[in-house]
Amino acid sequence: MSDFGAISLVPPLLAIALAIVTRRPILSLFVGIWSGGIIATGTHGIGQTFAWITGSIGDVFHAQILVFTLLLGSGVALIWRLGGATAVRNWATERLQTQRATGLSTWILGMLLFFDDYANTAIVGNTMREISDQMRMSREKLSYIVDSTAAPVATIGLSSWVAFQLSMIDEGYESLINDDDLNVAAEDVPGVFETFVGSIPFNTYSLLAIVMVGVIVLSRRDYGEMLTAEHRSWQTGKVNRDDAQPLQEVEEDLREPIEEKPMLRTFFAPIATLIAVTLVGAFWTGYQEWVAEQAEEGAPTTITEAMNEDGVVQVPVDIVGAGDFAAALVWGSFAMVATAVIIGLAYDLFDLDDSVETVLEGFNLMLTAVTVLVLAWSISAVAEDLGTGDYVAGVAEGVVSPELLPIVVLFVAAFVAFTMGSSWATMGIVTPIAITVAYNLTGTFELMPVIVGAVFSGAIFGDHTSPISDTSVLSSTFTGADLIDHIRTQMYYAATVMAVVVVCYLLYGYLSVSPVVFLPIGVVLLVGLVYALSELDGRRRGVDPKASAVTRDTDASSTHGSDD
């Protein structure tokens, strides 16, 4: 339990409240961090504040993410400068003729880029922003599609997220084994990867959030503040509201693109290099770690030997789980920049001086995002030092039944992620605690996949609704949306999915309904809720809840048309 008790909630809640009221996330985050310094050290609060900020930068993982983000900005700037975005726009103009097709393409591309949520938001947001503007899709809608696909996909595929999640499950099991009061033998503990695979169906929020995006895109129905945003965009062509403060606009921050030779390879070659180098790098670092562990145990140190002895499946899983995805992302983003520069020089699109200047422009493009990321990590450090997560998780311990425990864990993880703005930090705090609570409550490992899935689900939901979430910051950055507008519009859809998740968990807990049954039920409920809520909200506002579709053939002064 936290030494500071309920007062440990003050810094993140203060930052969230100020961000919503002032719509200035940088100022709000700093005030939240500063308040944490005062709580922790009294008169030395300012010094503690800067210690948290510099500590966040000094962390190796965070430093790697910052370098990756800056290099990714340079890669985006180079692709823009070389006419890659122009080539994609020309290609899309010929093929994507409707809002629905544009939204569907964005959704599918987001699911394909499963290996990292940061890279996902960067690539998909920049790729689809211009064509979605042409289709009069609001930036809020584009940001929702990107954000609600990126993290959910990353948390269930082979990615940097999964590597981290596996380590958190392992930490939870180690805490059980090391607890002398529980007498848990290591051989009785289920496999970490086995638990993770079993948790995927119970990571219900992530699965249904992806489905929800598809339902919204295909039905073209909206409700809540997204309906307001979409009507503004359909009727006026203003993809952002007049007083919005987008985190970045490529058109304003970069020079005019070179449109002499718009080539698709200028766009796809750097991105393909990013993906290939990242995946190879993650596998290689994982393989090196696996070899070292095998050598320590006196086990086979080559994949061929290990496969012959232990089986085909387990070794690749161990390698992927041990991979250093953060380092691999840095290598991938550097290779992306190098590839773009080589293309530009090889096709005589610019000279070396111009390429260096464009790289620096890319750094500048990411300065706001980097600032918010550092502050978001810092307030997570504040919450960790004050014991915010431990306090929230500890309140729920020992007061619930096994049937309700997954729902309690779901909401605890959601609240911690919402207040901290970090799903990773939430998983790191809540997963080991939740595993311990589940074992103490049941005396078995039967609930472990369910509890782990509930932690992941709650963490992603909290991430989607928090204005201090790093993923939300990057989604807004790369789609050119106002951060607070993005959160306010996405929150309605995230809450709808969360309500369905609770129903699914209740069906499992009290009626023993398996995921094979409750997941399809959840999809049906989502579809029904989207149609019902959009109709109710449309009638209340006196507007059509279904998009008056803008198509390529629609007159610029009109918003009538249909893509049915």
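Read-outs: derived from the displayed coordinates by stated rules, not from any lab. None of the values given here were measured: they were computed from a predicted structure. Glycine gets a Cβ as well: all are built from the backbone with ideal geometry, and neighbour counts include every protein chain shown.
At a 10 Å Cβ-Cβ cut-off, how would you order ILE210, ILE468, fewest neighbours first?
Listed from fewest to most nearby Cβ atoms, that is ILE210, ILE468.
Dividing the alpha-carbon Rg of the stretch 175-287 by 2.2 N^0.38 Å yields what?
Here the Cα radius of gyration is 1.83 times the empirical estimate.
Order the peptides 27-36, 187-196 from the highest to the lowest mean number of other Cβ atoms within 10 Å of their residues. Intermediate values should be presented prior to the final figure.
Details: 27-36: 23.2, 187-196: 16.2.
Taking the mean over residues of other Cβ atoms within 10 Å, the ranking is 27-36, 187-196.
With a Förster radius of 35 Å, plug the Cβ-Cβ distance of ASP353 and ASN90 into 1/(1 + (r/R0)^6) and report the FRET value to the nearest 0.05. Can you show the working numbers first?
Values: r = 28 Å, r/R0 = 0.80.
The formula returns an efficiency of 0.80 here.
Tell me, TYR347, TYR223 in order of fewest to most beta-carbon neighbours within 10 Å?
Sorted ascending by nearby Cβ count, the order is TYR347, TYR223.
Pairing the Cα long axis of helix 325-346 with the longest principal axis of the chain, what angle in degrees results, from 0 to 90 and rounded to the nearest 10?
It works out to around 20 degrees.
By counting other Cβ atoms within 10 Å of each Cβ, how are MET420, MET111, MET448, MET427 ranked from fewest to most?
MET111, MET448, MET427, MET420
For the chain, with the dipole built from +1 on Lys and Arg beta-carbon atoms and -1 on Asp and Glu ones, taken about the Cα centre, which of SER175, GLY42, SER476 lies farthest toward the positive end?
With unit charges placed on the Cβ atoms, the residue in question is SER476.
Which distance in Å, rounded to a whole number, links the C-alpha centroids of the stretch 498-523 and the stretch 53-96?
39
Just how many % of Cα pairs in the chain lie over 35 Å apart, if you round to the nearest whole percent? Could the numbers behind the result be given before it?
Details: 60418 of 158766 pairs.
Looking at the chain, the distances longer than 35 Å represent 38 percent of pairs.
Could you state the angle between the C-alpha long axis of helix 84-95 and the longest principal axis of the C-alpha atoms of the chain, as a value from 0 to 90 degrees rounded to the nearest 10?
For 84-95 against the chain, the angle is about 80 degrees.
Report, to the nearest 10°, how far helix 139-154 tilts away from the longest principal axis of the Cα atoms in the chain, using its own Cα long axis and a range of 0 to 90°.
Between the helix axis and the principal axis of the chain, the angle is about 40 degrees.
Grab the DSSP H runs of the chain that are 4 residues or longer, score each as -39,500 (n - 2.57), total them, divide by all residues and round the 222 nm result to the nearest 500 deg cm²/dmol. Mind dumping the intermediate values first?
Values: 26 runs with 420 residues, N = 564.
Theoretical 222 nm ellipticity from helices: -24500 deg cm²/dmol.
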